[in-house]
1. Exactly one of these conditions fails for Arg76: (1) within 14 Å of the chain's Cα centre (by Cα); (2) modelled with pLDDT under 85; (3) loosely packed, with under 12 Cβ neighbours inside 10 Å. Give me its number.
2. Would you confirm, using the coordinates I've provided, whether Ile28 is in contact (Cβ under 8 Å) with a residue 40 or more places away in the chain and either surrounded by 15 or more Cβ atoms within 10 Å (Cβ to Cβ) or not basic (Lys, Arg) (or both)?
3. Cys37 - would you say it is in contact with a Leu (Cβ under 8 Å, 6 or more places away or on another chain) and modelled with pLDDT of 85 or more?
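The values are calculated or read from the model by the stated rules, or taken from the named source; none is laboratory data. Predicted model only: the values in this text are computed from it and were never measured. Methodologically, a virtual Cβ is constructed for each residue, glycine included, from the backbone with ideal geometry; neighbour enumeration extends over all protein chains shown.
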Amino acid sequence: MSTANMHVSHTNTTYGSTATISCQAGYILNGSNTSSCDSSGRWNSTGQTCVVIGEFCSKLFQYPLLSQVTIQVPGRMYPV
């Protein structure tokens, strides 16, 4: 998982452990905000990225079916 502008928090890296993923201020997480260590010893959710909020919003308008989307940033919600 790319960690540019990202914070990954976990207390352990063994089977069943969960990591919480968040982005720095001004960025929005693209992908799951959690990942768990599975029985093969791998994180089950990878590929998350942090995207500059302005870039993310401009991409939403390229897809008209996303008109009912709400962007949620910790402590704030932005209807689109």
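1. In the conditions (1) within 14 Å of the chain's Cα centre (by Cα); (2) modelled with pLDDT under 85; (3) loosely packed, with under 12 Cβ neighbours inside 10 Å, Arg76 misses (1) alone.
2. Yes; evaluated as a whole, the condition is true for this residue.
3. In short, no.
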